[in-house]
Amino acid sequence: MLISFNTIMDISLESISALRQSFEDKLNEQNEVFHPMDLAKINNSDSWLKRFLIHTEGNQEEALSMLWNVCEWRKSFGVNEMSESNGTVRIDYLEEGIMFPHGVDKDGKLMFIIRCKLHFKASKDSEECKKCAVYWFERMERLTNGDQITIFFDMMGSGLSNLDMEFTNYLINLLKMYYPAFLNYIIIYEMPWVLNAAFKIIKTWLPAKAVKKIKFLSKHNLNEYVSKESIMVSWGGEDNYKFNFEPETKRIEETKKKVHFAETMEVKNGSGDIRDIVCMPKELKLKINPSEVLTFNKDNSNGYNELMATLTFINDYKDPIAFKIKTTCLVKYKVRPSTGTLTPQESIKVTFVLNGMSIKQTDVIRDKFLVLVIPVVETKDIAEMWKIQWETKEQHILKCKISNENETVNNWNSYDQNHNNDLEQKVDKLMKVVTTLEISNRVLSQHMRYVKYSLYIILLICLFAFGFLWAVFYHK
């Protein structure tokens, strides 16, 4: 796979739309299920899809493959459920301040600071450390709205005992495989000479374009890549920031989600519940049974573990009508059929399929469908009829819910871990090499001391022999 690490290029809206459509086609073809939040992001966020195209230098096929792999990884790793408040990430690790975002680089990009001297691999659970890294990456994405970040390795006072090749490789893989176009620079600050060999190995893990982003800096030239206001006192600057972990204040979404496809207003009924009032023509042409609420139930009849809802559309008008169905989240649902025509008193069964894993009531309760209805004009085909600027269109808003017996649906009880075995094996080999080098260094030092002491002893013996011989010959 081609990895560019943020080649700057123009990406057209047509390319973004093509990527979104390719993903939707593949999703329908393979009947895969992903987290609803990720599907909504694909459907609504052009900027996120653009990052995949930038990362792969505009290659649609590679961008689609990467997007698919990212959705699989996010599902299996539980990224969307990760929070300091629900126990999915260790709060004590976060509070230690080994890694945290603070300050900006010269381009105004947020810096992710890693204080290497505080990290000792043997004293930490490696999997929990990885979760902490993903937690911070997700939090920074929300904080910057997906803008790039700079990773700042603060290596002052660190040594071989702080070296963690496995974790460093994991960070690199996050940027290469799961967070496209997210890296601005990698700053290595005050690296000890003893770690030179290790970073030569780390460079081999990076694409050539990413290697150019690595900057080895010291106090003398730090201001070339870090803004003056962000240089901390410990680095020779004036920023006296002291890390103190603060839980993320997540933006609480409104319970009522504004629908973009129809004019709505909120009113309260007798029980105080909020409902929608939509301006409609007095004479309704389309009758919907059993109601205008989609109730999704588990369905195994076709061999797939899916959530489905079914409605019946009836033309309750004297003339033919046409209907079209829209939704607030296109990728999340499949609708069959989504358009059609009905003669007077004709009916049709419409099926709604919900894609997703571990679906809960809160995942769908804000979703809505809009059903548009217009009279059929015999002189025009269906596509042309929808282009007509009708003064009024009949509109029905369908709300969604999951039946109580399916409040939580798990299509899979366990997930395959999407690990790159080849990379893990390489890391293991490299770790063994580094360990061997450390042992060899200690053995060599011991040998040098042995040789040094041996030379002293030999010298003393020579001096003693010389003195003895001199004394013998002198008395003669």
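The values are calculated or read from the model by the stated rules, or taken from the named source; none is laboratory data. These numbers come from a predicted model, not from an experiment. Glycine gets a Cβ as well: all are built from the backbone with ideal geometry, and neighbour counts include every protein chain shown. Surface accessibility is based on the protein's heavy atoms, side chains included, excluding ligands, DNA and RNA. Shrake-Rupley method; radii C 1.70, N 1.55, O 1.52, S 1.80 Å.
Restricting segment 28-38 to residues that are modelled with pLDDT under 90 and part of a helix (DSSP H, G or I), which is most open to solvent (accessible area, probe 1.4 Å)?
29
Return the pair list, or none, for Cβ contacts closer than 6 Å from residues in segment 138-152 that are in a loop (DSSP other than H, G, I, E, B) to residues that are hydroxyl-bearing (Ser, Thr, Tyr), at least 6 apart or on different chains.
146/47
Answer with yes or no whether residue 364 is over 20 Å from residue 344 (Cβ atoms) and either surrounded by 14 or more Cβ atoms within 10 Å (Cβ to Cβ) or modelled with pLDDT of 70 or more (or both).
So residue 364 passes the test.
Of all residues in segment 153-166, how many are without any contact (Cβ under 8 Å) to a residue 60 or more places away in the chain and either in contact with a Pro (Cβ under 6 Å, 6 or more places away or on another chain) or surrounded by fewer than 17 Cβ atoms within 10 Å (Cβ to Cβ) (or both)?
Residues in segment 153-166 being without any contact (Cβ under 8 Å) to a residue 60 or more places away in the chain and either in contact with a Pro (Cβ under 6 Å, 6 or more places away or on another chain) or surrounded by fewer than 17 Cβ atoms within 10 Å (Cβ to Cβ) (or both): 3 in total.
If I ask for residues that are of a type in the set (Asp, Glu) and under 26 Å from residue 192 (Cβ atoms), which ones from segment 126-174 would you list?
Those that are of a type in the set (Asp, Glu) and under 26 Å from residue 192 (Cβ atoms): 154, 164, 166.
Identify all residues within segment 123-168 that are modelled with pLDDT of 90 or more, of a type in the set (A, V, I, L, M) and more than 27 Å from residue 233 (Cβ to Cβ); write none if there are none.
Hit for segment 123-168 is 134, nothing else.
Have a look at 63, 122 and point out the one that is under 24 Å from residue 190 (Cα atoms), free of Cβ contacts under 8 Å to residues at least 60 places away in the same chain, part of a helix (DSSP H, G or I) and not hydroxyl-bearing (Ser, Thr, Tyr).
None of the others qualify; the one that does is 122.
State whether the residues of segment 134-153 include one that is over 30 Å from residue 68 (Cβ atoms) and over 21 Å from the mean Cα position of the chain (by Cα).
Yes.
Just to check your reading of the model, which residue among 184, 169 is over 21 Å from residue 147 (Cβ atoms) and either open to solvent by 10 Å² or more (accessible area, probe 1.4 Å) or in contact (Cβ under 8 Å) with a residue 12 or more places away in the chain (or both)?
169
Checking residue 223 against (1) touching a Pro at 6+ places or on another chain (Cβ under 8 Å); (2) at pLDDT 90 or above, which test does it fail?
Going through (1) touching a Pro at 6+ places or on another chain (Cβ under 8 Å); (2) at pLDDT 90 or above one by one, residue 223 breaks only (1).
Restricting to segment 187-220, give me the number of residues that are over 24 Å from residue 56 (Cα atoms), among the hydroxyl-bearing types (Ser, Thr, Tyr) and either at pLDDT below 90 or surrounded by 14 or more Cβ atoms within 10 Å (Cβ to Cβ) (or both).
The qualifying residues number 1.
Is there a residue being touching a residue at least 40 places away in the same chain (Cβ under 8 Å), surrounded by fewer than 18 Cβ atoms within 10 Å (Cβ to Cβ) and under 30 Å from residue 160 (Cβ atoms) anywhere in segment 50-59?
Within segment 50-59, not a single residue is touching a residue at least 40 places away in the same chain (Cβ under 8 Å), surrounded by fewer than 18 Cβ atoms within 10 Å (Cβ to Cβ) and under 30 Å from residue 160 (Cβ atoms).
If I go through segment 92-127 residue by residue, how many of them are over 22 Å from residue 152 (Cβ atoms) and surrounded by 13 or more Cβ atoms within 10 Å (Cβ to Cβ)?
The qualifying residues number 0.
Looking at (1) β-branched (Val, Ile, Thr); (2) modelled with pLDDT of 80 or more; (3) under 40 Å from the mean Cα position of the chain (by Cα), can you tell me which one residue 451 breaks?
The failed condition is (3).
Only one of (1) within 21 Å of residue 141 (Cβ to Cβ); (2) out of contact with any Pro (no Cβ under 8 Å at 6 or more places or on another chain) is not met by residue 176, so which one is it?
(2)
Quick test of your reading of the structure: residue 159 fulfils all but one of (1) among the small types (Gly, Ala, Ser); (2) more than 22 Å from the chain's Cα centre (by Cα); (3) over 20 Å from residue 432 (Cα atoms). Name the failing condition by number.
For residue 159, the exception is condition (3).
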